[in-house]
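Structure first, then comments.
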Amino acid sequence: MIVDARTLRPGAVRTADVCVVGSGPAGVTVALGLLARGLTVAVLESGGPDLDPEADRLQLAADGLEFGTVDQISGTRRVGGNANLWSVDLGGGRRGLRLVPLSDADLEARPWLPGSGWPITPADLEPGFRRAQELFGLRPEGYAADPWERPGATRLPLDEAVVTTDVFQFADRREFAERHIRTVAGDPSCTVFHHAYVVELRTDPGATRVTEVRTMSVPGREVVFRAPTVVLAGGGLATTQLMLGSTGVRRALERAGGARGTDPLGRNFMDHPLVDGGVLEPADRSLVDEMALYDLRTIEGVPVMGHLRLSDDALRSEPVTQLSTMFFPRHASQREPEAGDDRGAAARRSAVAVRDALRARRLPGAADLWGAISGGGSVLRQALHSGGRRSTYVGHGGWSTFRRPSRHFDHLRVLHQAEQAPHPGNRVTLGDQTDAFGVRRLRVDWRWTPEDARAAAGAHALVAEAVRRAGLGELRPALAGVDPVVLGSSTNHYLGTTRMHADPALGVVDPDCRVHGLGNLYVASTSVFPTGGFANPTLTLVALASRLAEEVLATFG
């Protein structure tokens, strides 16, 4: 069932076998795994069933945020979590997100990259990835290019020892925002409590176990949850904020790390910046006619989109970080650089929505119209001007539906989604400002470092050289001779701040995602990623959450 925690008696105590904090994809995956074996589960969500601006303000960072192009932390606090925000246009009114797994090399230690190497193997994650595919409602063909190639939609003839073509699969956000939530809430052994904001984890006097999960539904109205096992499945930063604000958790981590510890909680904050890859000038314009694989389109009911990534061999042998290379055909009139910051991306989405409404001969929504205009009139003008050319970007495809795309496009804009290395100095801490419940807001200190720029530039150079050697044309950088241009510092992939490591001096959770020093506290969050590759993290997150559910089940015998 779903219960509004505001209806509970102040001071009430609720119990369950497992308390799961967060109702997003990770929390729901954990709950589904536990309920299949008959455990009682309490799922705690800080927001409500619908959009609640007051709840969303709980995630805001303290003033003075240092996060590149980013003005504020993104996300939503409501039942279903950030699945409600997935916004890639899948056609037919559907919205979703791109999915791709980490490669084998992404999990391996790279000698030149401090902090790299996961303490688990691809084989450890494989059952979780299979379960994730099921939960997202996707087909089993996988993410290699072969099953998705068709005439006129084949991979570029590149040296696959250096650069390979893979595909993203896309999932409908309703799978987690609606369907799985209904399943969990409909189970008699589970209760989803909304407006149950977890403000503290209390431990026993020795700080060896979590004894109570302290929540508030409105300021001053406290309800306590008690469970033998607690799983933190909030967003990547929300989980870290809660742990930083729980004195017993901090004591346990300090004790486990000992004198060798460097207080890893909150450190190594990573994201996936969007880097300008410049322009691909094809040697023969007809190349665009053979590149439909790289458009976002639906094949046998599954939305897919091809992209380039560095091969595992290249990643093992070169001092570079991983990146995804995406192509977006453009008309000659669109050769100016495109803004890639958060505001610009939102304006582009609104402009596309306005353009599509006008194509369908209906009035645009007021919010979309305002978003396009307030984001810059040039964005709207460009969207309308290119309406007949199906100008596309990361959240919208369709250019390959032209019979001969080369008649409309003469070059391709190139966008990289880049890996960022873990840097201990990139971190989140608790600031002095508090939210409506008195919880201290996060202070964010993030930098795109010179080392990040060099590694991304080296990866770009490998891709550009592979394109040139294949005779496909020239991949011209955005600004020759300088560091890569970061269009957007964040794709809202908050990674690394409770990193996984077998040594408690170097990590917050162990290989089973159990918090070091606390026998009954687990973390199912992107914050446990030691490194992030380029891949959108949600598929791996769900795989980890499925694996974690199995670990928790084992403790119950």
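Of the numbered conditions (1) in the same structural domain as A505 (by TED's automatic domain parsing); (2) under 17 Å from V18 (Cβ atoms); (3) not β-branched (V, I, T), R209 satisfies every one except a single condition; which is it?
Single failed check for R209: (1).
If only one of L308, L253 is buried (at least 17 other Cβ atoms within 10 Å of the Cβ), part of a helix (DSSP H, G or I) and not polar (S, T, N, Q), which one is it? If you could, list the steps in order and put the result at the bottom.
Numbers: L308 fails: part of a helix (DSSP H, G or I).
Answer to the selection: L253.
Within segment 65-95, can you find the residues that are in contact with a Lys or Arg (Cβ under 7 Å, 6 or more places away or on another chain) and closer than 28 Å to V485 by Cβ?
W86, S87, V88, D89
Considering only segment 190-198, I want to know if a residue exists there that is touching a residue at least 40 places away in the same chain (Cβ under 8 Å), in the same structural domain as L58 (by TED's automatic domain parsing) and surrounded by fewer than 22 Cβ atoms within 10 Å (Cβ to Cβ).
Taking every residue of segment 190-198 in turn, at least one turns out to be touching a residue at least 40 places away in the same chain (Cβ under 8 Å), in the same structural domain as L58 (by TED's automatic domain parsing) and surrounded by fewer than 22 Cβ atoms within 10 Å (Cβ to Cβ).
State yes or no: is P151 surrounded by fewer than 22 Cβ atoms within 10 Å (Cβ to Cβ), farther than 16 Å from G301 by Cα and at pLDDT 95 or above? Give the steps one after another, and end with the answer.
On the way: surrounded by fewer than 22 Cβ atoms within 10 Å (Cβ to Cβ): yes; farther than 16 Å from G301 by Cα: yes; at pLDDT 95 or above: no.
So P151 does not fit the description; no.
Residue by residue through segment 2-52, note down the ones that are modelled with pLDDT under 95 and in contact with a helix residue (DSSP H, G or I) (Cβ under 7 Å, 6 or more places away or on another chain).
If the condition is that a residue be modelled with pLDDT under 95 and in contact with a helix residue (DSSP H, G or I) (Cβ under 7 Å, 6 or more places away or on another chain), then R37 is the only one that fits.
Would you be able to say whether some residue in segment 468-488 is surrounded by fewer than 19 Cβ atoms within 10 Å (Cβ to Cβ), modelled with pLDDT under 95 and in contact with a Lys or Arg (Cβ under 9 Å, 6 or more places away or on another chain)?
There is at least one residue in segment 468-488 that is surrounded by fewer than 19 Cβ atoms within 10 Å (Cβ to Cβ), modelled with pLDDT under 95 and in contact with a Lys or Arg (Cβ under 9 Å, 6 or more places away or on another chain).
Name the residues in segment 112-132 that are touching a residue at least 40 places away in the same chain (Cβ under 8 Å) and part of a helix (DSSP H, G or I), would you? Please lay out each step first, then the result.
Here is the first cut: in segment 112-132, the ones touching a residue at least 40 places away in the same chain (Cβ under 8 Å) are 112-120, 124-125, 127-129, 131-132.
Those that are touching a residue at least 40 places away in the same chain (Cβ under 8 Å) and part of a helix (DSSP H, G or I): D124, L125, P127, G128, F129, R131, A132.
Filter segment 427-478 down to the residues that are part of a strand (DSSP E or B) and free of Cβ contacts under 8 Å to residues at least 24 places away in the same chain and list them by number.
Within segment 427-478, just T434 meets the criteria.
How many residues, within segment 22-65, are among the polar types (S, T, N, Q) and surrounded by fewer than 20 Cβ atoms within 10 Å (Cβ to Cβ)?
1
What about A459, is it surrounded by 21 or more Cβ atoms within 10 Å (Cβ to Cβ), in the same structural domain as S286 (by TED's automatic domain parsing) and in contact with a Leu (Cβ under 7 Å, 6 or more places away or on another chain)? Walk me through how you get there before you give the answer.
Working: surrounded by 21 or more Cβ atoms within 10 Å (Cβ to Cβ): yes; in the same structural domain as S286 (by TED's automatic domain parsing): yes; in contact with a Leu (Cβ under 7 Å, 6 or more places away or on another chain): yes.
For A459, the condition - surrounded by 21 or more Cβ atoms within 10 Å (Cβ to Cβ), in the same structural domain as S286 (by TED's automatic domain parsing) and in contact with a Leu (Cβ under 7 Å, 6 or more places away or on another chain) - is met.
Return yes or no: is D295 in contact with a strand residue (DSSP E or B) (Cβ under 9 Å, 6 or more places away or on another chain), of a type in the set (D, E, K, R) and buried (at least 17 other Cβ atoms within 10 Å of the Cβ)?
When the stated conditions are applied, D295 passes them.
Would segment 467-490 turn up any residue that is within 30 Å of S546 (Cβ to Cβ) and of a type outside the set (F, W, Y)?
yes
May I ask you to verify whether D187 is in contact (Cβ under 8 Å) with a residue 12 or more places away in the chain, outside the structural domain of L462 (by TED's automatic domain parsing) and acidic (D, E)?
When the stated conditions are applied, D187 passes them.
Kindly evaluate V230 against the criterion of being in contact with a helix residue (DSSP H, G or I) (Cβ under 6 Å, 6 or more places away or on another chain), buried (at least 22 other Cβ atoms within 10 Å of the Cβ) and not in a loop (DSSP other than H, G, I, E, B). Walk me through it before giving the result.
Details: in contact with a helix residue (DSSP H, G or I) (Cβ under 6 Å, 6 or more places away or on another chain): no; buried (at least 22 other Cβ atoms within 10 Å of the Cβ): yes; not in a loop (DSSP other than H, G, I, E, B): yes.
No: the conditions fail for V230.
The values are calculated or read from the model by the stated rules, or taken from the named source; none is laboratory data. Keep in mind the model is a prediction, meaning the values are calculated, not measured. Heads up, the Cβs are rebuilt from the backbone with ideal geometry, glycines too, and the neighbour counts pull from every protein chain shown.
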